[in-house]
Amino acid sequence: MRLSPEFRKQFIQYELRTYGRKNGFVTTGQEERLLRWLPKIGLPKEMTLADADIPSASPIVMEIGFGNGDFLVHLASMHPDWTLIGVEIYLPGVAKAVGRLEDAGVIERCRITQLPAQFVLQHQVAEEQLDGVYINHPDPWPKPRHHKRRLIQKDFALLLVSRVKKGGFIKLASDKPDLAEWMRDILDATPGLRNVAGVGGFIPRDEDRLETKFEQRGHKEGRSSQFLHYIKETT
């Protein structure tokens, strides 16, 4: 079924401009889980991370564009001390993620927002509050006239860096070479970041990394993913 009008009114934001899908199909059970959990772990636009009941000693790591939540579950399983912030505007994806996080028993260590990443970073995250950020397979927007819609832009990169602690990390992945090079070139030129692989370089795939749906799709279509790892300089 499609998300009910009551649910869309409560949880879908329309006033902030975004690109890509927001609505779609969910099961009755998925909607019930969303209604049960989002009031507890959701980050509505008037809330900041400081208001989100995060343990003071917990590292805070964000995944932007978490899709169906598989990678969030993987991170929560690998790092039981982390608090994970999931950012995703596609509500059916959020519905699947909430179910997977609940089934894995890790949902209470996550905070979920359906707001655009730019808004989240600018208004809900304080400077140097994040220990790390993952961005896996963002939308490539392949047509040149749509490149301005790509997530990684110069201004966004500066904002992102300002929210990561000194010594913190930013990790990205893409199976589209043009987008991988686009992200690398912007981030290589962003003050305060060091490319772990060296300027112009990509890192090997982490051995313990979960193979995401988009990585698997790329393999089926003959594309290997490329990976980037940046550290925020301490000086």
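Residue 206: at pLDDT below 95, out of contact with any His (no Cβ under 8 Å at 6 or more places or on another chain) and under 17 Å from residue 133 (Cβ atoms), yes or no? The answer is yes for residue 206. The single condition among (1) modelled with pLDDT of 75 or more; (2) assigned to a loop (DSSP other than H, G, I, E, B); (3) more than 13 Å from residue 114 (Cβ to Cβ) that residue 17 does not satisfy is (1). Within segment 80-137, track down each residue that is among the hydroxyl-bearing types (Ser, Thr, Tyr) and at pLDDT 95 or above. Within segment 80-137, 83, 134 meet the criteria.
Is at least one residue of segment 111-120 out of contact with any Phe, Trp or Tyr (no Cβ under 7 Å at 6 or more places or on another chain), surrounded by 22 or more Cβ atoms within 10 Å (Cβ to Cβ) and either basic (Lys, Arg) or at positive phi (or both)?
yes
Here residue 176 meets the list (1) surrounded by fewer than 18 Cβ atoms within 10 Å (Cβ to Cβ); (2) closer than 23 Å to residue 222 by Cβ; (3) among the charged types (D, E, K, R) almost entirely, failing just condition (1).
Considering only segment 50-114, give the strands (runs of 3 or more DSSP E) lying wholly within it that have at least 2 residues that are touching a residue at least 12 places away in the same chain (Cβ under 8 Å) and out of contact with any Asp or Glu (no Cβ under 8 Å at 6 or more places or on another chain).
Here the list reads 60-64, 110-113.
Report whether or not residue 146 is out of contact with any Gly (no Cβ under 7 Å at 6 or more places or on another chain), modelled with pLDDT under 95, surrounded by fewer than 17 Cβ atoms within 10 Å (Cβ to Cβ) and closer than 20 Å to residue 66 by Cα. So residue 146 does not fit the description; no.
The values are calculated or read from the model by the stated rules, or taken from the named source; none is laboratory data. Every value quoted in this text rests on a predicted model; they were computed, and no experiment measured them. Please note: Cβ atoms are built from the backbone with ideal geometry, for glycine as well, and neighbour counts cover all protein chains shown.
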